[in-house]
Every structure is written in structure tokens, then in C-alpha cells.
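Worksheet for the structure shown next.
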Amino acid sequence: MSSETATTKPLVANEGIKTASHLLRGPIAADMADTSTGAVSEDTNQLLKFHGLYSQDDRDQRIALKKAGQEKAYSFMLRVRLPGGKATPAQWIVLDNLANQFASPSLRLTTRQTFQFHGILKGNVKPLVQGMHQALLDSIAACGDVNRNVMAPPNPEQDPILEQVYADARGWSEFALPKTRAYHEIWLDDELVAGGEENEPLYGPTYLPRKFKAGFALPPRNDVDIFSQDLGYIAIVEDGKLAGYNVIVGGGLGMNHGNAETFARLADVLGFITPDQVNAIGAAVLTTQRDFGDRTNRKHARLKYTIADRGIDWFRGEVERRAGFTLQPARPFTFTTIEDPHGWHQNADGTWFYGLHILSGRIKDVDGWPMKTALREIAEIHTGDFRLTPSQNLTISGVTAEEKPKIDAILAKHGLDKENERSRLRLNALSCVALPTCGLALAESERALPDILEKFETVLDDAGLRDDAISLRVTGCPNGCARPYLAEIGLVGRAPNKYALFLGARYDGTRLNRLFAPSVTIDDAVTLLTPIIKRYALERQPGEGFGDYCDRTVLPADATLHSVGTPAPAA
Ligand code: SRM
Ligand code: SF4
């Protein structure tokens, strides 16, 4: 495919790797068969991402292994493709078994509603993928320069319209899947496809310039942080029916400290479509980015930069030309919250769901907190399904009245029945994985979160704010995997125990926060925020969230805000 990007700059190395890969095969099979090392070549490293796999090493062991003259402790992370975060109890049991047999053995619920395995040794990758396949699960396109795991509101039965939104999210996920058989050949031993018989009608042989993320939201809940997506669909309900979607484009959070050319950006509203136009508009957005995204600089390659550079009006024109229809003017919508519902709630069909808080989405057994065992026992008796939420929590869904006391009893038996009674700060907190597996981490995140929460909980308790929902999100680097720039308190790692502190996001996910202190320790952050939290408790206006209070009183008034209010009318 010829790129229409007018540039004389050379393409980045990843483009050459994709071109030479014969639709994502490259040297993967040979590298994975090489038992002399736990590592893989750089080409394989890049291509594995399209198969949902990352080569990592245990960073806790790096120094000791180096001193001993040994290879790094290599292993793989695998991310499952799970549109809308929905899994059956049978699939849960398979994933639990596979984690025990072939991985760390914890399971990690991610901020995009799926599972990650960590610590998979090279020889265990194939049996793990094959085990998932038996349970009708795969990791195709869970990472890489393609449409990633599609997000959707996690509690479909609560409202019949959510069921339709989930179906559209799943439909887009399937539509935008790469068509190469590379995954099946390499991991599932399907027969090799002779060269030239396959093609990628949507992507072309070099796929996208960069990752591409899509999500669906149903106002008033913005649980999927829709404005952080490259492509978002905001459901519009009229007369009790799904009228269609406002399409939004160009959100993205990753940036680098101190590099103004990289930035977090909220998506722009493009216009309104009917439900039957979801895939057509998605394909038009995706192929516009495919052809105009910057393939010469991976730090400038996301859709947000294409739109920031060329303007939303140009982008809309190009998308409409490709789709073959004109978008209607966007329709009004209002978001009020990002929060997961916790505890028991009744669904539209009379069944129940239980929202269970899981700190950082980490499912493991530790003394006094046997979450993995408890959830396995629930999976063994559960007849509904599981929904992974964008806040790294779990919804046990479609529970019958008979099943309800059994689930309560399992949680109580393991001492997990009080998880939802924690402070609202804790219930809403997110952290990315960071150390020891993430190769990009500059500071701790998941491992630091319990301590960070305890410190802030003390301050909030003193101010009488234990039951106030304040969003706090921590990441180990500015890539923003726990969406920290949409948190009322965002802590973004820059060095060991040094974080950039961001304040002032709106609680409903429609305004980014802003840098308040560029480099502070956690204790500094607590010291800085203590008087502000105390003042907030005394001075806030009725209904004013902590982010809004900081925006109004703490942050400099002249700074530019990127905020989403009512949708801009489509041209
Ligand atoms: Fe992320 C890279 C973990 C959601 C922005 N992310 C990574 C890697 C793969 C590190 C790497 O490239 O070597 C991390 C693996 C850590 C580990 O050991 O598991 C990683 N990202 C995660 C997860 C697991 C965080 C979590 O704790 O849940 C999330 C998996 C989502 C999923 O299921 O697909 C995760 N990452 C996000 C999000 C949030 C979202 O999408 O809603 C973002 C910000 C939104 C965005 O994309 O703009 C995000 N991750 C990044 C970036 C920066 C991208 C950019 O445009 O600059 C990177 C680095 C990169 O791509 O170069 C990255
Ligand atoms: Fe790793 Fe940074 Fe993402 Fe955290 S935010 S998981 S440290 S890439």
C-alpha cells in the first residue's frame, strides 16, 4: 500500500520489519524453537506483539544476573483478546489452570478489560496458546500496530441497550481483526499458507503506523474513558431505543516527560451515525490513519497526531469520502461518572451481578487474600459470565437468585466479602503493572499502590472524605497505561520514587488534568496535597469534585484546558 504521507524522512525500522514479515510471520517460529536462549531477535520481539506477546525480563533479577555473568531472566507476557471483557466460567477455569501450569501463576486484569499472563517461559508459550484455543480464546491483535482489544461497558444485562452496544463492540472487533493465518500456523500448527494467497484488505502488508484503540460507551457512564480512545462510539438513546452513536476520534494518552511534541489528547467529536454504520465508519477512520499516519516517527504516529496536525475538518472530509456517506451532526450526551458499580445489583432480566473490587486487577493468592482460589471456586458454580471492567475490577454477571448466597458464602469463607467496603479512593484507584515486568517502567506503580493509598487514606479520613469518590491513578512512566491524565490525582513515574503530580481532571473523564509538580516523592505528594484536601473538604461547592476544585482554585487560571463539554456540531 502506498502511503499518502508527504515526507522525505526515512521510515522507522518497525516498518521494514512488518514489510519483510510475510504478514506477521518473520523469524518468530525459528526464534521460539531456539532453546539456547530465553530471548528472541528484535524482529521477532516486534512481530510477537501482533500475536499478543511481549518478550520481557524480571527486572528485580537484572543486577544479580549481570554480576553472575548470566543471561537476563527472560519470559513472555501474553495478553488475551477479549472484546468488552466478557469471559465464561469455563474460560475462567481454563485461564486459571494455564496460569498455574505455564505462567507466573497470577492473572492480571488490565485497564482495557482483558487478562494478562506474566512469566511464561519460552517453551511454555505454545502450549499456553493452544490451551486458550481449546477454550475459544486467542491473543490475536491484543498488541501491535492494529486495532486492539475493543472496550465496552462491562455490565450488559443491567440495561438491554448495553447488550446491543456490546454486540456492536464485538462486531467491530471481529471486523477489524487481521486476516493473516500467521497466528494459526505458528502457535496452533495449522498448515502453512503458500506465499501470495493471503492479503489484508483492511490493513495492507504494513498494518497501521501505530497501535489503534477503540471503545464504546453508554452515557451517563464513562467507564471506558471514551475520550482516551483513538476511535470511540458514544451510544445515543432516543425514545428508549439505540438511535446510533456519536463517533469520536483522536484520543490518546502516551507522552514523554518534558517533550512538548508528545502529549495526552482527548478525542474530538466527528458526528453521528446509525448502528448499521459502525463498521463502515470504523474502517474509514482506520484506513485514513493507515494512509496518513506518520510512519517516520513512532512518537508521532498515533491518530491523535494525524488529527492535531491536519485538523478535524480535513479528517472528517477524508473519512466521509472513504465511507461514502456524510456524518450527521453529533447529538447531545452527558457523562456523570467513570465509577464501577460495586456489590449486588439487579439486571433488567431479573438476574443479578456483583461488582468486586480487585486492587490493580491482580488475581493471586496471598496470605489473608486468596482471590485466585475464591474466584476459581465461584467459576466452578457460576452459570452466568464474568465481565472485566476498565477499572481493573470484576463483575460476576447473570447470577440467579439461587446462586447469589453461594457466591456470598465463597467470598465470606475466604475473607473477601469486605473488599467493597474499602475507601472510595481505593475502590476507584488504578495502577499500571510497571516493575518488575514492564521494560519501560521508570518507577514502581502496582507494587507501590497499597502504600500510596494508605498514606492518602489517612489524609482523607482526617478530612472526613473516606466515602468521597476521588480518582487516583499511578503509572510507572508517562506512557499512561492506567490513564493517569484522566485522574483527579495522577502520579506518573519519572525515576525511582519520583513522580510527576497531575491535578484537575474532571471525575467523569471529560477533562485532562494538568501538571502540578514535575518531580516529587510520594511523601512530598502527600505533604503537598494534605492542605488542599483539607481546604476542599471545607470550601467545596455543592457537588464539586476534587478535580473540579483543584481546577478552580489550585491550578493557574491562564493554563489551557482540553475539555469536552457538549459535542461540537459536525460540519
Ligand atoms: Fe500500555 C506499553 C501495559 C493500557 C499506553 N503497556 C505497554 C507495555 C506493553 C510495555 C512495553 O511496551 O514494553 C506494558 C506491559 C507491562 C506488563 O508488564 O504487563 C503495558 N498497558 C498495559 C496494561 C497491562 C496496564 C495495566 O496495568 O492494565 C494495559 C493493557 C491494556 C490492554 O488490555 O490492552 C495498558 N497502555 C494502556 C493504556 C490505557 C488504555 O488503552 O485505555 C494506555 C494509554 C492510552 C493510549 O494508548 O494512549 C497505554 N502502553 C501505552 C504506551 C504509550 C502509547 C503512546 O501512544 O505513546 C506504551 C508504549 C508504546 O506503545 O510505545 C505502552
Ligand atoms: Fe509500563 Fe509505563 Fe505502561 Fe506502566 S505506564 S505499564 S510503566 S509502559
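Bear in mind these aren't lab numbers, they're just calculated from the coordinates by the rules spelled out. Just so it is clear, the model here is predicted, and its values are computed rather than measured. Counting neighbours? That spans all protein chains shown, and the Cβs are built from the backbone with ideal geometry, glycine included.
Report, in whole Å, the centroid distance computed from the Cα atoms of the range 131-174 and the range 417-476. Rounded to whole Å, the Cα centres lie 27 Å apart. Within a straight-line Cα-Cα reach of under 20 Å, Lys126 can be paired with the following aspartates and glutamates, leaving aside sequence neighbours fewer than 8 residues apart in one chain: Asp31, Asp34, Glu42, Asp43, Asp57, Asp96, Asp138, Glu185, Asp189, Asp190, Glu191.
Near Val520, the amide H atoms lying under 5 Å from its own belong to Tyr499, Ala500, Leu501; only residues 5 or more places off or on other chains count, and H is placed 1.01 Å from N.
At q = 0.20, 0.21, 0.22 Å⁻¹, work out log10 I(q)/I(0) for the range 481-521 with the Debye formula, treating every Cα as an identical point scatterer and leaving solvent out; two decimals please. At q = 0.20, 0.21, 0.22 Å⁻¹ the computed log10 ratios are -0.52, -0.56, -0.60. Computed about the Cα centre, the dipole magnitude for the chain is approximately 1240 debye when only Lys and Arg (+1) and Asp and Glu (-1) carry charge, each at its Cβ.
Taking GluC sites (Glu not before Pro) across the range 400-437, the ones in a DSSP loop with at most 13 further Cβ atoms lying within 10 angstrom of their Cβ are Glu402. For the range 211-233 versus the range 506-533, the inter-centroid distance based on Cα atoms is 24 Å. The alpha carbons of the range 335-429 stretch over 39, 33, 19 Å along the principal axes, in descending order. A Förster distance of 30 Å, applied to the separation of the beta-carbon atoms of Lys67 and Asp189, puts the FRET efficiency at 0.15. Within the straight-line cut-off of under 22 Å between alpha carbons, the lysines reachable from Lys498 are Lys455, sequence neighbours fewer than 8 places apart in one chain being disregarded. Sequence-ordered 3J(HN,Hα) estimates for the range 544-551 from the Karplus curve with 6.51, -1.76 and 1.60 and θ = phi - 60° stand at 6, x, 5, x, 5, 5, 5, 4 Hz, glycine and proline given as x.
The phi torsions of the range 449-455, fed into the Karplus equation with coefficients 6.51, -1.76 and 1.60 and a -60° offset, translate into couplings of 4, x, 5, 4, 5, 4, 5 Hz, rounded to whole numbers, with Gly and Pro shown as x. Think of each Lys and Arg Cβ as +1 and each Asp and Glu Cβ as -1; about the Cα centre, that makes the dipole of the range 357-514 roughly 660 debye. Unpaired cysteine residues in the chain (no second Cys Cβ under 4.7 Å): Cys143, Cys438, Cys477, Cys550. For Asp385, the residues whose amide H sits under 5 Å from its own are Ser397, Gly398, ignoring neighbours fewer than 5 places away on the same chain, with H placed 1.01 Å from N. Let me know the whole percent of all Cα-Cα pairs from the range 325-376 that are separated by more than 16 Å. Here the long-distance tail beyond 16 Å is 66 percent of all Cα pairs in the range 325-376.
Set Lys and Arg Cβ to +1 and Asp and Glu Cβ to -1, take the dipole of the chain about its Cα centre, and tell me which of Tyr305, Gly119, Thr395 lies farthest positive. It is Tyr305. Considering all different alpha carbon pairs of the range 261-320, the Kirkwood hydrodynamic radius works out to 12.3 Å.
Every Cα-Cα pair in the range 163-241 was counted, and those over 18 Å apart are 57% of them.
If you look at the Cα atoms of the chain, you get an Rg and a Dmax of 23.0, 71 Å. Rounded to 0.05, the FRET efficiency of the Asp239 and Thr35 pair, given R0 = 51 Å and the Cβ-Cβ distance, is 0.20.
Quick one: go through the range 8-37 and flag any residue whose amide nitrogen is under 16 Å from the point 7 Å out along the Cα-to-Cβ line of Arg310. Zone members listed by number: 8.
In the range 48-87, the ratio of gyration radius to Kirkwood radius, Rg to Rh, stands at 1.22 when only Cα atoms are counted.
By the helix-only formula, in which each DSSP H run with n ≥ 4 contributes -39500 (n - 2.57) and the sum is divided by residues, the chain has a 222 nm mean residue ellipticity of -9000 deg cm²/dmol.
Computed over every Cα-Cα pair of the range 1-129 and binned at 10 Å starting from 0, the pair-distance distribution P(r) comes out as 11, 34, 31, 18, 5, 0 percent. Whats the longest run of the chain with zero trypsin sites (Lys or Arg not before Pro) that are DSSP loop and have at most 13 other Cβ atoms within 10 Å? Here the longest segment lacking exposed loop sites spans 180-417. In the range 421-488, the C-alpha radius of gyration followed by the widest Cα-Cα span (Dmax) gives 12.4, 39 angstrom.
A DSSP coil position with no more than 16 other Cβ atoms inside 10 Å describes the following chymotrypsin sites (Phe, Trp or Tyr not before Pro) in the range 291-377: Phe325.
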